[in-house]
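Before any comments, here is the structure.
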Amino acid sequence: MNGPFDFALALGDDALIAAQRLGEWTTRAPEMEEDVALANVALDQLGAARLLLTYAGELEAAGRDEDALAYLRDDREFRNCLLVELPNGDFAVTVAKLFFLSAYQLPLYAALAGCADERLAAIGAKARKESTYHLDHASLWVRRLGDGTAESHRRMQAAVDQVWPYVHELFAPFPGAPVDPTTLRAAFDAAVDPVLAEATLARPADGWAPAGGRDGLHTEHLSYLLTEMQVLHRAHPGAKW
Amino acid sequence: MVSPREAVASVPDPEIRVITIDELGILRAVDEHPATGRVTVTITPTYTGCPAMDMIRADIRRALAAAGHPDAEVRTVYSPAWSTDWISESGRAKLAAAGIAPPAPVRSGPVVPLTLAVRCPRCGSPETEQISRFGSTACKALWRCRSCSEPFDHLKAL
């Protein structure tokens, strides 16, 4: 792992896989407005993924465009964090995943906006505006469910506990990257801690910290996701609407 | 004969057809090469995942072809990032007339998740509430007026 190519690829894969997972909620969300909301967040993630993967392809200079990178790689070649590939679970798990992901992406894109790489800076400046809405939306649900009924509180706490171990991977050092992920942890904590407190949720203790996504070592869930995401393109190479 | 700039500026936004791409602030430049006459148009998306971009590019090419420039190039740039502050005054007036509450000015400095009062575009009442932060397109939220009970779209400040 090193350099802008791997970093653009990792960030692009985060956004792409997050978009695919969020898209699974379409027609299944708990209320119609939420269906639209999750689809919109997915669309933002997909937009960021397209820009990042296109740029990664140009940096690699091996002739791979965004479609080749999204549809023609196998699981070991993906560099997304494990958090985004985890199954959606119940709605609380999806909220916890979106909450932690956007609390990471917002300071990440903000830092990217000020980095020396002009293309990544432009993408960061654009995507951070959208991440603000994602974090706001996820925070709203964390508070609503955490400080809601006994059952919603129980489920939201369980979701936070379940997803928390996967947060640590986001802030692991990334040699050669234009932004050092370890510097983003303070902003993440500043966004997450007050919301958890207001939601009457306990911040989980740090312990088990699964990782490997940035090295292409994924959970089994990614393979199933890729199968569904890639089947059309692989069955009909170059197909267009 | 309309100029390339006039031809492109009159292209309506495919999702909010009451305003043009110029009024929406996504048209950044129209350049005509002094020697070849070839036209280059520069646009920027509202949201990164905006699904209307392909249609906007096609509409621009069609408008230029009709104005006598069949081989125009359409470039997409992402920096500086689009802001709702770029929507023109005439654009804001047209949005309101079409029942879409225009966005408030974007505040500089740290972003505070704070809901500002949005006036109902139908009856003008400030007694409104947000139904959903995300609406029919990426750039809109869904609101409802507590005075006249009508739901309406609100273009989110970005």
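Listed by number, the DSSP H helices of chain A that run 15 Å or longer by alpha-carbon position along their axis and have mean Kyte hydropathy of at least 1.0 are A:91-113. Ellipticity at 222 nm from helices only: DSSP H runs of n ≥ 4 in the protein assembly as shown, each -39500 (n - 2.57), divided by the residue count, give -15500 deg cm²/dmol. Residue B:33 sits with roughly 90 Å² accessible to a 1.4 Å probe, with DNA, RNA and ligands left out of the calculation. Please identify, among A:130, A:169, A:220, the residue showing maximal mean-square fluctuation in a Gaussian network model of chain A using a 10 angstrom Cα cutoff. Result for chain A, Cα springs under 10 Å: A:220 fluctuates most.
Take the Cα of residue B:1, step 7 Å toward its Cβ, do the same at residue B:146, and the gap between the two points is 5.9 nm.
Pair-distance distribution P(r) for chain A, from all Cα-Cα distances in 10 Å bins starting at 0: 8, 33, 38, 18, 4, 0 percent. For the peptide A:69-81, the mean number of other protein chain Cβ atoms found within 10 angstrom of a residue's Cβ is 0.
Magnitude of the charge dipole for the stretch A:3-235, about its Cα centre and with charges confined to Cβ atoms of Lys, Arg (+1) and Asp, Glu (-1), is about 200 debye. For chain B, DSSP calls about 70 percent of its internal beta bridges antiparallel. When all protein chains stay in place, what accessible area (Å², nearest 10, 1.4 Å probe) is found for residue A:149? Counting only protein heavy atoms, residue A:149 exposes about 90 Å² to solvent. Loop-only check: which GluC sites (Glu not before Pro) in the stretch A:24-68 are DSSP coil with at most 10 other Cβ within 10 angstrom? Filter output for the stretch A:24-68: A:31.
Each residue, residue A:61 and residue B:85, gets one label point 7 Å from its Cα in the Cβ direction; the gap between the two is 3.8 nm. Between A:146, A:176, A:213, the GNM of chain A built on Cα springs shorter than 10 angstrom shows A:176 fluctuating the most. Mean partner shielding of peptide A:121-133, defined as the number of other chain Cβ atoms within 10 Å of each residue Cβ, is 5.
Residue pairs exceeding 23 angstrom between C-alpha atoms, taken from A:129/B:94; B:94/B:140; B:94/B:156; A:97/A:129; A:129/B:140; A:126/B:94: A:129/B:94; A:126/B:94.
Dipole of the protein assembly as shown computed with +1 at Lys/Arg Cβ and -1 at Asp/Glu Cβ about the Cα centre; of B:34, B:78, A:78, farthest Cα towards the positive end is B:34.
Working from label points 7 Å from Cα in the Cα-to-Cβ sense, the residue A:220 to residue A:71 distance is 2.9 nm. A 1.4 Å probe, protein heavy atoms only, puts the accessible area of residue B:19 near 0 Å². Electrostatic bookkeeping for residue B:14 treats Lys and Arg as +1 and Asp and Glu as -1; over the other residues with beta carbon under 10 Å from its beta carbon, the sum is -3. Shielding by partners for peptide A:134-142, expressed as the average number of C-beta atoms from other protein chains within 10 Å of each residue's C-beta, is 2. Taking the longest Cα principal axis of chain B as reference, the axis of helix B:53-66 is set at about 40 degrees. For the pair the stretch B:1-46 and the stretch B:144-158, the centres of their Cα atoms are 30 angstrom apart. Once the C-beta distance of residue B:97 and residue B:42 is scaled by a Förster radius of 30 Å, the resulting FRET efficiency is 0.55 to the nearest 0.05. Mean sequence separation of contacting Cα pairs (under 8 Å, at least six apart), scaled by the length of the stretch A:3-235, corresponds to a relative contact order of 26 percent. Each of A:131, B:3 has its accessible area taken with a 1.4 Å probe; listed largest first, they run B:3, A:131. Overall, chain B carries a charge dipole of about 360 debye about its Cα centre when +1 sits on the Cβ of Lys and Arg and -1 on the Cβ of Asp and Glu, all other atoms neutral. Against the criterion of solvent-accessible heavy-atom surface with a 1.4 angstrom probe, B:18, A:93 sort, most first, into B:18, A:93. Placing unit charges on the Cβ atoms only, positive for Lys and Arg and negative for Asp and Glu, gives the protein assembly as shown a dipole magnitude near 820 debye about its Cα centre. Ordered from highest to lowest accessible area with the whole protein assembly present and a 1.4 Å probe, B:94, A:129, A:240, B:156 read as A:240, B:94, A:129, B:156.
The values are calculated or read from the model by the stated rules, or taken from the named source; none is laboratory data. Quick caveat, the model's predicted, so the values are computed rather than measured. Methodologically, a virtual Cβ is constructed for each residue, glycine included, from the backbone with ideal geometry; neighbour enumeration extends over all protein chains shown. Just the protein is used for accessible areas: all its heavy atoms, side chains included, with ligands, DNA and RNA removed. Shrake-Rupley method; radii C 1.70, N 1.55, O 1.52, S 1.80 Å.
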